[in-house]
Amino acid sequence: VSKRERDLERDEAKWKTKLEEKRKELGDIERKKIAVSDGSSGLDLLKDIRAEHAETIERMTNELNKWREKFYESRKDYEEQQARHGELQSKMEREKEVAEAYQNEIVSLQQTFVEYVEENGSCVSSE
């Protein structure tokens, strides 16, 4: 898992925690306001608090979704890069094998040439 993915996961967890804290906070405020309020002013205050909380939740949910999308895009990019890396590794191994085969063929030809020169005394024909 890349650093970017870990950061995105950490940010997502942080926003989830904040969301839960805000929900708990709203619940506490609602209980307190219901207990304190006897009239319509308490209900108006409660409605205002709910509206503010709903806006905060919406904003945080949108932020969370944005980070989630970035996380999945990053993961997709990472997986594509991993696949490309695997392809390049395979290609490099095949090219190494071909290079080794060429090297072995060159060594074999050099040995044959040396043997020929040793047997015939020269590689240039004398006419």
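The 3J(HN,Hα) values that the Karplus relation (6.51, -1.76, 1.60; θ = phi - 60°) gives for the range 16-26 are, in residue order, 4, 4, 4, 4, 5, 4, 5, 5, 5, 4, 4 Hz. Gly and Pro appear as x. Other residues with beta-carbon under 13 Å from the beta-carbon of Leu88 carry, at +1 per Lys or Arg and -1 per Asp or Glu, a net charge of 0. The listed residues Glu119, Glu5, Glu30, once ranked by accessible area (1.4 Å probe) with the largest placed first, stand as Glu119, Glu30, Glu5.
By a 1.4 Å probe calculation restricted to protein chains, Met92 has an accessible surface near 80 Å², given to the nearest 10.
Remark: for residue pairs Lys24/Lys70; Lys3/Lys96; Lys47/Lys70; Lys24/Lys76, the C-alpha separation exceeds 30 Å in Lys3/Lys96; Lys47/Lys70; Lys24/Lys76. Using θ = phi - 60° in the Karplus curve 6.51 cos²θ - 1.76 cosθ + 1.60, the 3J(HN,Hα) couplings for the range 67-73 round to 5, 4, 4, 4, 4, 5, 5 Hz; x is entered for Gly and Pro. The Cβ shell under 14 Å around Glu100 holds other residues with a net charge of -2, Lys and Arg each +1, Asp and Glu each -1. For the chain, the equivalent ellipsoid built from the Cα gyration tensor has semi-axes of 81, 10, 6 Å, listed from largest to smallest. The heavy atoms of Tyr72 present about 120 square angstrom of accessible area, all protein chains included, probe 1.4 Å. Neighbours of Lys76 by Cβ distance under 14 Å: Lys/Arg scored +1, Asp/Glu scored -1, total -1.
The values are calculated or read from the model by the stated rules, or taken from the named source; none is laboratory data. All of these numbers come straight from a predicted model, not from anything done at the bench. Counting neighbours? That spans all protein chains shown, and the Cβs are built from the backbone with ideal geometry, glycine included. Ligands, DNA and RNA are excluded from the accessible area calculation, which covers all protein heavy atoms including side chains. Shrake-Rupley method; radii C 1.70, N 1.55, O 1.52, S 1.80 Å.
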